[in-house]
1. If we count other beta carbons within 10 Å of each Cβ, what is the order of B:Trp584, B:Trp234, fewest first?
2. So what's the stretch B:401-518 giving for Cα Rg divided by 2.2 N^0.38 Å, two decimals?
3. For B:Trp76 and A:Ile477, FRET efficiency with R0 = 30 Å and r from the beta-carbon atoms, rounded to 0.05?
4. With the crude spin-label approximation of a point 7 Å out along Cα→Cβ, what separation in nm comes out for B:Val46 versus B:Ala405?
5. Over chain A, what is the mean sequence separation of C-alpha contacts under 8 Å (at least six apart), divided by residue count, expressed as relative contact order in percent?
6. Run the simple label-point estimate for B:Lys544 and B:Tyr200 please: 7 Å along Cα→C-beta, distance reported in nm.
7. If exposed chymotrypsin sites (Phe, Trp or Tyr not before Pro) are those in a DSSP loop with at most 16 other Cβ within 10 Å, what is the longest stretch of chain A that has none?
8. Got the relative contact order for the stretch A:1-125 handy, in percent, Cα pairs under 8 Å and 6 or more residues apart?
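Rule-based calculations on the coordinates, nothing more; no lab input. Just so it is clear, the structure is predicted and the values come from calculations on it, not from any experiment. Note: ideal-geometry Cβ built from the backbone for every residue, glycine included; neighbour counts use all protein chains shown.
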Amino acid sequence: MMNLQDFLTMRHEILLILVAVIVLIGEIFISDKSKHVIINLTIILFLLHTIVGFLPIQEGKLFGGMYQNDLFRATLKNILNIGVFIILLQSSAWIRKEENRGKISEYFILLLSTLVGMYFMISSGDFLMLYLGLELATIPIAALAAFDTHKNNSAEAGIKLILSSALSSGILLFGISMIYGTTGSVYFTEVAANFGKESLQILGFIFFVAGMGFKISLVPFHLWTADVYEGAPINVTSYLSVISKGAAVFIFTIVLYKVFGQIAEMWNVLLYVLAVLTMTIGNLFAIRQNNMKRFLAFSSIAQAGFILLGIMGSNAAGVTSVVYFMLIYILTNLGAFGVVSAIYNASGKEDMRDYNGLYKTNPKLSLLMTLALFSLAGIPPVAGFFGKFFLFTSVASLNDYKYYILVLIAVLNATISLFYYLRVVKAMFIDPNDNPIPYFKTDTPARIGLLICVFGVFLVGFVAAIYEAIYHFSSFI
Amino acid sequence: MTNYAYTIWIPLIPVFMFLILGLFGMKMKGSLAGILGTLGLLTITVLSYFTAYLYFFKTGEPEGGFQAITAYNIEWLAFTDTLRIHMGVLLDPISVMMLVVITTVSLMVHIYSIGYMKGEQGFQRFFAFLSLFTFSMLGLVIATNIFQMYIFWELVGVSSFLLIGFYYQKPSAVAASKKAFIVTRFADFGFLVGILIVSYFTGTFDFDLLTSGDGNIFQTIGAASFMGVSAITWALLLIFMGGAGKSALFPFHIWLPDAMEGPTPVSALIHAATMVVAGVYLVARMFVVFHFQAPGALEVVGYVGAFTSLFAAVIACTQFDIKRILAFSTLSQIGYMILALGVSEYGDEAGVGYMASMFHLFTHAMFKALLFLGAGSIIHAVHNNDLRNMGNLRKYMPITFITFAIAWLAICGIPPFAGFWSKDEILVAAFEKNKLIFFSSVFVAGLTAFYMSRLFFSVFFGKKQHYHHEPHESPLVMTFPLMFLALASIVAGFVPFHDLITSDGKSFETHLNYSIAIPSVAIAVLGMFIAFLLYYKESKVPDKISKSLGIFYTATLNKFYFDEIYLFVTRKILFNCVSQPIAWFDRHVIDGFMNSIAWAIQKSSFKMRDLQSGQVQQYAFVFVSGAIILVLCFAYWLN
């Protein structure tokens, strides 16, 4: 039976479900003509939810340990909330369009349910809850990817996502079942206590990594990313590449540290290989992309490779560097996606060549995009630099020459990534264009979203208190 | 214990002046900029005099000699627990003396420049640079540690570069400023390496630790050696190399004569009284280390000084540009100061060389600044630098004439003018340590008297010239500094340096050594007399003499072809044999390597596109086979 204490422990999940239910009820009672009210209603409700999320929470475990919440996990959920709030602001103009008439509440309910799934994933105390959360987070996204029902490639994105994720879920479950078979439990604490180095356990572990690698889009489990990102509506793409990936990174880190901590030496090597592959191949693909969505998709694959470096740090500073980087990554990438989405909503264009001469007509958006790209590339003084810096420091602190080589590879990859980020900057500022995208006014919610990103990109980099707070919460892992 | 914390304002006021004049100078009238700069300088001059009064007389000499006082110190950079860089104010006899010298000369130059630079384009810029230079020079002398000194040392180099190249439309000025900067910067490279060696072994930059006397911190360095010479000797020689660059000692002397392309007040400030004595100051600052840790290096210092003084004096006899004559004379006099340090011992009367060097620095600053400002006044009047186009000017410019005469007597070493006293002490020190250096110095004293008299007689007496414009006396704003410095050149010799500035801080007694003073005065008078015969009236004798000297005269006139040798080494040898191959290597190998990496990345990214086919079954295949390969690898790795 749930009592009030348990209610407070699950506050994030329950409030979010409440928001979704209110939207659902709103769908029933609000007349077709004024369905647009739902957009603002959802945004306001979600803002309230985000703010309430920062209030102190009740730590504890529920359902016999299947669910647990603490300061660290609450922090992760809050970070996701900030990102989702920005995405809601950015998608406001798109969902308002005539073509999406009648699907408004559908979009919000699907989006919010995936977020609930992520919450449960992050708060999971055993593999079962982790899997349930993962599925809850994935299946509605497939529906969202196919949201533009009149477009073929949107449908293609949906079907590809659902097929690939079915495969990955299968592998993941297979892995979990082997772990269960060899340790006799699915609870994190008990698995950790009984985990040896048997080959079957390693097999299960690697299948688990493959399943998670699918969500984080690590090479070679990444191939779905480009097609889905390109086909899905742009705001769904940004949700996939930022929030969905962020949640997966968080739970992946938690499980690696808490459950498989004793084979850290082994998974450090595994992550080493995956990181090198992911960074390099992600970059090599990104170089050739001209479609902005695909371009950002591959750039986000490469970024995932950098994140693995922080996880390898295997200590509180490592966790901090991952969480800190994710926060910056969310703000930065949403900045970039926000510009792409604003341009798409205004002109329907999403090719890099269409961006030629953008600075002449839309200087503010161009500067904002440049800022976001610089942050993604890790150029000081924007926050992205500090994020990457801490990731690299984290792995370099392992004090082994092979990790120095890894840092070197990462730095080389960061240099390559600078090349393609600058390609966009070059297009906007230098390349001439007779018919640049004409000046347009971005809608107010999207503006607010972009402003949050800009301030965040500077604030998170400069205000040491943010890093220290994350460091403090990371010790609760 | 007096609180000297206010001394931090001495360097700060000029830097504020620099910022104000530099940022807002163009918005204000030229005269206002000049007056502002001068007022700033006046303030710090008063502060410096006040500090000197407090330090030397109010507090007086404590038991055991004058002590170094760290008046202000903030930590700037911390490398290790012990190796930290501070920025601060160090007050000891020599730094307090330098404060007085720098502010006095700088103030006079500021006042003089208001008249001299009147109507020039960039008047405000000129005063901004003057303030920057004064700031740098003050920061250098009050440095509490060798690293702070190095930073200001470089700032001095930069501001000197800016001032020499003030007439940046003139190609010769631009070339001269570049030459000065490159030569001194090259020497500073040695300085930096020397600093690094010293700090590596001792773990400190601070002067009070380095010169504390017991030398314990040098124990670790004692064992290290390179090419048979101990590491500390190397370090000190490299540090001295930096000093030689700034002080234009042989073989780094080539920049100073060319630096005369700058405005004449700049020559007076930088190339007579302040910047060029930085090297002397550096050796004096490190004197304890030189003397106790590396006597060999100190000997080198002595010989370099002696050779420079002789070499420059010989060249000075043949030059015709009055500013260049003064420049070579400066070289020669700095050689004196350096050789005095080189022959000095530590403590009491044996340390007379140290005292004499500082004494000569002080007196020389006064009379050489006066000579330069006088020369500026002359150039201002006749619009020409060439000795052969001047003559009989005493009638037109009485104040310049009288003040110049005082400076002339001072530099020739005629009692009771300032130069006599300090030069006499130097000769005494040289006599006791090294007879070779002593005889060379006496000879240089004669040469000095000769070439200065040649200059003096040619300008103010000699043949009657026909000037396009009737020369006239300079305005008061220019003659006042002349008169002030003339007064200083008379009284400076009576400052009791042996009570104030000695190698160990304790005062000692000096007496006029007649057996040295009388011959040195006699040889000076002889030099003056020869010059009087040759140049007092127009005559053909000098030309005949120079012709009879033949090749030696030509070589001297061309400064022994040192500029040509340097040019040959840099242009022909360095550029062709080193720079060109390196440039080729950079362009083809390094760039080629980088370009081929970029090319390879482009190609491989093109090839890899096939991986992304768009077919889900292929994606699934890659996914599963990836997982299986990882399993195989890690199961294998595990066993």
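1. The fewest-first ordering by Cβ neighbours comes to B:Trp584, B:Trp234.
2. So the stretch B:401-518 has a normalised radius of gyration of 1.32.
3. Result of the calculation: an efficiency of 0.15.
4. Using points 7 Å along Cα→Cβ, the separation is 3.6 nm.
5. The normalised contact order for chain A reaches 15 percent.
6. Here the modelled spin labels are 6.3 nm apart.
7. The segment A:55-438 is the longest one with no such site.
8. Relative contact order of the stretch A:1-125: 38 percent.
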